[in-house]
1. Can you compute the modelled spin-label distance between residue 120 and residue 29, with each label point 7 Å from Cα toward Cβ, in nm?
2. If you average the sequence gap of Cα pairs under 8 Å that are 6 or more apart and divide by the length of the range 22-67, what percent do you get for the contact order?
3. Placing +1 on the Cβ of each Lys and Arg and -1 on the Cβ of each Asp and Glu in the chain, which of 64, 149, 41 has its Cα farthest towards the positive end of the resulting dipole?
4. Pop a pseudo-label 7 angstrom from the Cα along the beta-carbon direction at both residue 20 and residue 104 and give the gap in nm to one decimal.
5. According to a simple spin-label model (label point 7 Å from Cα along Cα-to-Cβ), what is the distance in nm between residue 47 and residue 80?
6. Stretched out fully, how many nm does the piece from residue 11 to residue 73 gain, at 0.36 nm a residue minus the Cα gap?
7. List the DSSP H helices in the chain whose Cα atoms stretch 15 Å or more along the helix axis and whose mean Kyte-Doolittle hydropathy is at least -0.5.
8. If you look at just the Cα atoms of the range 1-121, how large are its Rg and its Dmax in Å?
Amino acid sequence: MRTALILLLLLGIASIPGSIFPQRTQSPLKVRQYFDDDPVGAKWLDRFYLFDVYGSPWFSAIYLLLFISLVGCVLPRSFHYFKEIFKAPPEAPSLLKTMEGFQVIPTSLEKAEEWFKKNRFRISRTADSIAAEKGYLRETGNLLFHLSLIVVLLGIAGSSVFGMRGEAIVNVGERFIN
């Protein structure tokens, strides 16, 4: 988690030059003007890919490491979560009296079980105790968001590898024939 946060911060910092300097993909004329105005400085900026920040190897390395970190965090958590969600809660400890916050509630186990079911707790009942837990669905939204982010990123990667892109300049009044 800490690694992902550091990489997100690094990605944000690495995006700053893309906002300061003109980018070849968006405005090649401004990049050319930069080279005309300051050829030596522009050459140095170009060596560090500051005119193509988002396509540079160092920027790609940051978001590739971020993607690997995302997969490394989310997939193990997802497998563990989906195993645990279908299990019954663990049984109540045998030495409850020694635990902090222990109380005896004067009610029957049937009433307690009914209350837990009504309030959507998962229940594990033995002859003399009830164990209930709640809150697993809270993690579902978080995991679904991150898993869908992985699917979207894989789709983007797949379309850039197997997809096709092309450009054509067509003047007004002319036709484009392939």
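1. If labels sit at residue 120 and residue 29, their model points lie 5.7 nm apart.
2. Working: 23 pairs, mean separation 14.9, N = 46.
Taking the mean separation of contacting Cα pairs over the length of the range 22-67, I get 32 percent.
3. Result: 149, furthest along the dipole toward the positive end.
4. Here the modelled spin labels are 7.1 nm apart.
5. About 4.7 nm separates the two model spin labels.
6. Residue separation times 0.36 nm, minus the Cα-Cα distance, leaves 20.5 nm.
7. Qualifying helices: 2-20, 57-84, 136-162.
8. Cα only, the range 1-121: 28.5, 86 Å (Rg, Dmax).
Quick note: the coordinates plus some simple rules give every number you see, no bench work behind them. Predicted model, so just to flag it, every value in this text is computed and none were measured. Glycine also receives a Cβ, built like all others from the backbone with ideal geometry; neighbour counts cover every protein chain displayed.
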